[in-house]
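Trainee: Pasting in a structure now, in structure tokens, and then I'll have a few things to ask.
The values are calculated or read from the model by the stated rules, or taken from the named source; none is laboratory data. All values derive from a computational prediction rather than experimental measurement. With ideal geometry, Cβ positions are generated from the backbone for all residues, glycine too; neighbour counts draw on all protein chains shown.
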Amino acid sequence: MKTFIALLFVIFSIIGIADASFITYEKFAGIIPDCGPGFDCGAVLNSKWSSIGPVPLSLLGLFYYITVFALGILLVLEIEIKKPMNRFFDKIRLSQKNILRTINTAEALFLVTTFGFGFSIYLVVLMAFVIEAWCKYCVISAASSTLLFITSNIYFSKIEKRSPFIPKLLTFNFLHWGYTTIIKRLFFLMDAEDAHNSCTHFGTVLGKFSLTQWVTKVLFSFTNQSSAKKLNGILFPNPVGLAAGFDYNGQLTSILPDLGMGFHTIGTVTYRPYEGNKKPRLGRFLESKSLLVNKGLKSLGAVIIAKNLTGIKFRIPTGISIASTNTSFRNEAEQILDILKTFTIFENSKVQHSYYELNISCPNTFGGEPFTTPQRLKILLSAIEKLQIKKPIFVKMPIDQSKKETLELLTVIYKFTIAGVIFGNLTKDKNNPDVTETDRKKWLTVKGNLSGKPTWKRSNDLIELTRRNFGKRFTIIGTGGIFSGSDAQIKIDCGADLIQLITGMIFEGPQVVGEINLRLAQESQKK
Ligand SMILES: Cc1cc2nc3c(=O)[nH]c(=O)nc-3n(C[C@H](O)[C@H](O)[C@H](O)COP(=O)(O)O)c2cc1C
């Protein structure tokens, strides 16, 4: 199968070579080939578009097909001769390294055929709309380059079962540049909450149509079969997820898989609807690479959200984050009942979610964080345990507690059927050393707590602490300040099984999800 697909490069490029040689010969000989009815080769081949300066496009096409042919032969040799002629193969790899640096033959083919396909689209558009005539031989060439492009895509999806590293990296670099130099600047001129709402709206629209989903996938997603992980009975296609707080109402379920996300948390959802704290409730601390959050668990309420999500077939594992409604309660029992009601609504619903997050650590709520003492957490978890929930529950942990306090909470959680912990939520520590002095001064004058880089170190320390003290007992989801592939790798090295993010995506662009997956795949290949 592998050799067969590699041979297709050779076969389609031979068709291209024959076609391009013929047109080039005719062009230099000054002959206009007879194209047959419906075609007008003269109009196309004599047009000003048919050459770049003195060089006919057909000659460039010929070079293109010869390159693909040579790379195709090299790929077939690499596949076939690898074992019996190891030294020969090494030599090929060596020369390949010298010429194309770190790129391998399949990736070189992917790059070249993508370029060829893009150029063919340009020529077809020219014939259709500018010259308004068709040349039979140019159509054959466009068909060959389309087949070559399809072949290189099939080679990666079916044989290598991953996206090609170098071409994807180039695409991500380009998208990163476009995002940080244009889109982010425009977004950051807008009010932070309006920008967030626009992103959600735009994502919802992209998720509505197969074409926009496909384009998003081609541009942003990096797939690698070996990145899949089965944890607590859930198969995560990759370890990178969207953290709670971006998609409050589950509007992005159709587009996040195409963005390359491996899982997705909706919410935090509360039993009763809450319109959120007073605006402005979202800000940016650019120097500290952080967002100031004071949303206060804005939610449409569990009943409406469960109704909206019913019938949706999630393409990636999707979780529901649950906390108590942001209001005052007469007593602890009433507050626990409020949380239990949300669990019960989702348990009795037909929503096809895979897991729950129990958010005990939202710092922007009416009563603070009532369940972050061991005694109260124990009472809450005992009540939840009685619901006999089968789906895994992950507890979203605070990050500002001391290591001793965190270990005490973990010791409580350990005794219940809780699948894992998430480190962690926002920081409310005004002495956090990762907040710059300018931002700290601003912070002292406004309400809210911080995401992003100020949460990075603290969450890493607590992930390490948990792994060291509890071994494999908990699945650990690392959240906080992940802005790049190397940040994600550090979280995993600290002990995280999965990672989640929000702020990194806003500061670096949505392609960061693919970049992280690419980096993790490269790391796992090294091992
Ligand atoms: C705008 C915003 C809203 C958030 N809302 C929630 C929430 O409702 N529930 C929750 O558990 N965490 C919430 N968080 C915290 C994030 O899930 C995450 O734990 C934190 O931001 C650290 O990750 P990051 O640095 O990648 O953003 C929110 C974060 C942001 C930035």
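Trainee: Any idea which of 297, 291 is within 14 Å of the ligand (Cβ to nearest atom), assigned to a loop (DSSP other than H, G, I, E, B) and of a type outside the set (Asp, Glu)?
Mentor: Numbers: 291 fails: assigned to a loop (DSSP other than H, G, I, E, B).
Answer to the selection: 297.
Trainee: For the stretch 220-280, give me every one of the strands (runs of 3 or more DSSP E) that falls completely inside it and has 2 or more residues that are crowded, with 24+ Cβ neighbours inside 10 Å and in contact (Cβ under 8 Å) with a residue 60 or more places away in the chain.
Mentor: Working: elements: 229-231, 234-236, 240-242, 263-269.
It comes to 240-242, 263-269.
Trainee: Can you tell which of 319, 311 is out of contact with any helix residue (DSSP H, G or I) (no Cβ under 7 Å at 6 or more places or on another chain) and part of a strand (DSSP E or B)?
Mentor: Numbers: 311 fails: part of a strand (DSSP E or B).
The match here is 319.
Trainee: If I filter the stretch 486-507 down to residues being surrounded by fewer than 24 Cβ atoms within 10 Å (Cβ to Cβ) and under 12 Å from the mean Cα position of the chain (by Cα), which single residue comes out as nearest to the ligand (Cβ to nearest atom)?
Mentor: Filtering the stretch 486-507 for residues that are surrounded by fewer than 24 Cβ atoms within 10 Å (Cβ to Cβ) and under 12 Å from the mean Cα position of the chain (by Cα), the one nearest to the ligand (Cβ to nearest atom) comes out as 502.
Trainee: Right, next: Against the condition touching a strand residue (DSSP E or B) at 6+ places or on another chain (Cβ under 6 Å), within 13 Å of the ligand (Cβ to nearest atom) and assigned to a helix (DSSP H, G or I), how does residue 457 come out, does it pass? Before the answer, list the steps.
Mentor: Numbers: touching a strand residue (DSSP E or B) at 6+ places or on another chain (Cβ under 6 Å): no; within 13 Å of the ligand (Cβ to nearest atom): yes; assigned to a helix (DSSP H, G or I): yes.
Answer is no for this residue.
Trainee: Same structure, new question: Given the residues 457, 453, which is the only one that is out of contact with any Cys (no Cβ under 8 Å at 6 or more places or on another chain) and surrounded by fewer than 21 Cβ atoms within 10 Å (Cβ to Cβ)? I'd like the intermediate steps shown before the answer.
Mentor: On the way: 453 fails: surrounded by fewer than 21 Cβ atoms within 10 Å (Cβ to Cβ).
The match here is 457.
Trainee: Looking only at the stretch 265-321, which residues are among the β-branched types (Val, Ile, Thr) and within 18 Å of residue 207 (Cβ to Cβ)? Write out each step before concluding.
Mentor: Taking the stretch 265-321 and keeping what is among the β-branched types (Val, Ile, Thr), we get 265-266, 268-270, 293, 303-305, 310, 312, 316, 318, 320.
Within the stretch 265-321, 265, 266, 305, 310, 312, 316, 318 qualify.
Trainee: Applying the selection to the stretch 219-244, what residues are touching a strand residue (DSSP E or B) at 6+ places or on another chain (Cβ under 7 Å) and within 24 Å of residue 322 (Cβ to Cβ)?
Mentor: Residues satisfying the conditions are 229, 231, 232, 234, 236, 239, 240, 241, 242, 243, 244.
Trainee: Just need a number here: residues in the stretch 470-485 that are on the phi < 0 side of the Ramachandran plot and either within 13 Å of the ligand (Cβ to nearest atom) or not in a helix (DSSP H, G or I) (or both).
Mentor: Filtering the stretch 470-485 for residues on the phi < 0 side of the Ramachandran plot gives 470, 472-479, 482-485.
With either within 13 Å of the ligand (Cβ to nearest atom) or not in a helix (DSSP H, G or I) (or both) added as a condition, the list becomes 472-479, 482-484.
Residues flagged as on the phi < 0 side of the Ramachandran plot and either within 13 Å of the ligand (Cβ to nearest atom) or not in a helix (DSSP H, G or I) (or both) within the stretch 470-485 amount to 11.
Trainee: Which residue, of 382, 354, is over 24 Å from residue 487 (Cβ atoms), away from the ligand (no atom under 16 Å from the Cβ), touching a strand residue (DSSP E or B) at 6+ places or on another chain (Cβ under 6 Å) and not charged (D, E, K, R)?
Mentor: Details: 382 fails: touching a strand residue (DSSP E or B) at 6+ places or on another chain (Cβ under 6 Å).
Result: 354 is the single residue among 382, 354 that is over 24 Å from residue 487 (Cβ atoms), away from the ligand (no atom under 16 Å from the Cβ), touching a strand residue (DSSP E or B) at 6+ places or on another chain (Cβ under 6 Å) and not charged (D, E, K, R).
Trainee: When you go through (1) within 15 Å of the ligand (Cβ to nearest atom); (2) assigned to a helix (DSSP H, G or I); (3) without any contact (Cβ under 8 Å) to a residue 60 or more places away in the chain; (4) not hydrophobic (A, V, I, L, M, F, W, C) one by one for residue 467, which number turns out not to apply?
Mentor: Result: residue 467 fails condition (1) only.
Trainee: Hey, residue 474 hits all of (1) modelled with pLDDT under 95; (2) closer than 21 Å to residue 393 by Cα but one; which does it fall short on?
Mentor: Looking at each condition in turn, residue 474 falls short on (1).
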